[in-house]
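Trainee: What follows is a structure written as structure tokens; I'll ask about it next.
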Amino acid sequence: MLDARNITKAYFEGDKELQVLKGINLKIARGEFLSIVGPSGAGKSTLLHILGGLDEPSRGEVYLDDFCLSSLKDAQKAMIRNTRFGFVFQFYHLLREFSALENVMLPAFLKKGEKKEEEIKDKAKGLLDFLGLSSRLTHRPSELSGGEQQRVALARALINDPEILFCDEPTGNLDSEAGKQIRAMLFELNHKKKTTVVVVTHSRELAQGSNRILNIFDGRIVSTEEILKKP
Ligand SMILES: Nc1ncnc2c1ncn2[C@@H]1O[C@H](COP(=O)(O)OP(=O)(O)OP(=O)(O)O)[C@@H](O)[C@H]1O
Ligand SMILES: [Mg+2]
């Protein structure tokens, strides 16, 4: 489904070049649950953003089915991101002036079309309820704990039923109980809805439940571990 070919990413500080990704080749099958692990600064978030079309590689291409993501116009890319991809960012990126419920509903309004506001609201409430936040619907992000914001961000990522869900440390700020809930939700999504899931994680439990673990070190894939039979 996703095919990343010889991805490199460099940042420039003055005339000094910092190589963050050094030639990543990666194919992700439809329905796969992939974990990306590695030390801080290894390039995990950078890779996730490039796979999801949020950031451009310096060299190399990412193909989604037959499309080369970087050859698409910004508006087309934005459409794909909003309708086919879901993102849970490491630092959530919730909109501060909106409530938890409104944050979750927003991508569904941006998606052209059919759904009525009441329908969207019910779905958003259902997701927040499942994630244990039914008593926090009207809270703004500043009135939520880090772990609660993380769960709102997950609900927001799921409102449009993405084909691929990208999550950057989805259980990073959660205690074991809330972390367990998120893990269960990700596994269920992958099993029942066949959603392709790509997570960056430090959680051994989460990684061990996936199909494949990629170990990234200093901008390279240094090892791959197959956990279960590929879908
Ligand atoms: N916009 C930028 N300009 C310059 N350097 C950057 C930029 N974004 C990231 N980097 C550098 O790229 C490297 C990889 O960053 P990245 O966020 O991908 O790491 P990570 O593996 O996700 O780490 P962590 O586990 O701490 O989240 C880091 O050394 C970081 O300092
Ligand atoms: Mg990161």
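Trainee: Return yes or no: is PRO39 more than 23 Å from HIS202 (Cβ to Cβ) and of a type outside the set (Ser, Thr, Tyr)?
Mentor: Criteria not met by PRO39.
Trainee: Going by the conditions given, is VAL62 within 14 Å of ligand 2 (Cβ to nearest atom), modelled with pLDDT of 95 or more and not acidic (Asp, Glu)?
Mentor: Considered against the rule, which asks whether it is within 14 Å of ligand 2 (Cβ to nearest atom), modelled with pLDDT of 95 or more and not acidic (Asp, Glu), VAL62 comes out as no.
Trainee: Which members of segment 65-115 meet the condition of being closer than 21 Å to ALA4 by Cβ and either of a type in the set (Phe, Trp, Tyr) or part of a loop (DSSP other than H, G, I, E, B) (or both)?
Mentor: ASP65, ASP66, PHE67, LEU72, LYS73, PHE85, PHE87, PHE89, GLN90
Trainee: Please pick out the residue among GLU188, GLU163, GLU177 that is of a type in the set (Asp, Glu) and in contact with a helix residue (DSSP H, G or I) (Cβ under 7 Å, 6 or more places away or on another chain). So that I can check it myself, show each step before the final result.
Mentor: Values: GLU188 fails: in contact with a helix residue (DSSP H, G or I) (Cβ under 7 Å, 6 or more places away or on another chain); GLU177 fails: in contact with a helix residue (DSSP H, G or I) (Cβ under 7 Å, 6 or more places away or on another chain).
Result: GLU163 is the single residue among GLU188, GLU163, GLU177 that is of a type in the set (Asp, Glu) and in contact with a helix residue (DSSP H, G or I) (Cβ under 7 Å, 6 or more places away or on another chain).
Trainee: Just to check your reading of the model, which residue among GLU163, GLU169 is at positive phi and crowded, with 17+ Cβ neighbours inside 10 Å?
Mentor: Residue meeting the stated conditions: GLU169.
Trainee: Scanning segment 1-48 for residues that are β-branched (Val, Ile, Thr) and over 18 Å from the mean Cα position of the chain (by Cα), which turns out nearest to ligand 2 (Cβ to nearest atom)?
Mentor: VAL20
Trainee: Another question about this same structure. Go through segment 188-217 and report how many residues are in a helix (DSSP H, G or I) and either aromatic (Phe, Trp, Tyr) or in contact (Cβ under 8 Å) with a residue 12 or more places away in the chain (or both).
Mentor: 6
Trainee: So how many residues does segment 117-170 have that are outside any loop (DSSP other than H, G, I, E, B), among the β-branched types (Val, Ile, Thr) and either within 16 Å of ligand 1 (Cβ to nearest atom) or under 17 Å from the mean Cα position of the chain (by Cα) (or both)?
Mentor: 2
The values are calculated or read from the model by the stated rules, or taken from the named source; none is laboratory data. The structure displayed is predicted, hence computed values, not measured ones. Here Cβ is always computed from backbone atoms with ideal geometry, including for glycine, and neighbour counts include all displayed protein chains.
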